[in-house]
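Notes follow once the structure below has been shown.
The values are calculated or read from the model by the stated rules, or taken from the named source; none is laboratory data. Remember, it's a predicted structure, so these values are computed and weren't measured experimentally. Remember, those area values only see protein heavy atoms, side chains included, never the ligands or the DNA or RNA. Shrake-Rupley method; radii C 1.70, N 1.55, O 1.52, S 1.80 Å.
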Amino acid sequence: GLPPAWVDISDYVAADIERIRKKMAELSEIHAKVFLTTSFDDVNSDEHAVEIVTQEISRLFRKGEQKLKKLSDNSMGDSETDAKIRKNVQVSLASELQQLSFAFRKKQKDYLNNLQNQREGDKSGALPVTFEEVVYPFPWT
C-alpha cells in the first residue's frame, strides 16, 4: 500500500532543509563578494542580494517549521509503531532545522559585524580586509 501521509510531509521538510543549505551557501558567496567589492553601485547591488536571499531563507525556515507542526498531528490515524517512527522523524528533522537556524543566525551576526567594521574602517580611509588577505590569509602561502 501507500506510505502514511506523514511521510510526504517529512519529505517536504527534508527538501526545505536541503534548499536552506543551498541558499546559505549562496548567501556565503554574496557575503564574501560584498567585502571584495570596491564600487559603491556593486556594494548596493550585493547588499540587496543579501537581503533577498536572507528573506528566502527565513521563508524556508517558516515553511519547514509549519510542516513540522503538521507531523505532530496525532489525528493521522497511524498505528502505534507508525506514530513512534513519525515522532522520531519529526525530532530528527526539528533538530536539523534548529542547527541550521543557529548557523544562519551566526552567519548573519558575523556578516553584520564585519559590515559595520568595514564601514568604520572606510571612515578612516583604510579597508580592513584586502583581497590578498581573503585569498592568502597566511603570509607563508
Would you compute the Debye intensity of segment 1-62 from its alpha-carbon atoms alone, equal scatterers and no solvent, and pass along log10 I(q)/I(0) at q = 0.27, 0.28 Å⁻¹ to two decimals?
-> -1.04, -1.07
At a 1.4 Å probe, what is the % contribution of carbon and sulfur to the accessible area of segment 1-68?
-> 54 percent
Can you give the accessible area of residue 105, probe radius 1.4 Å, in Å² rounded to 10?
-> 140 Å²
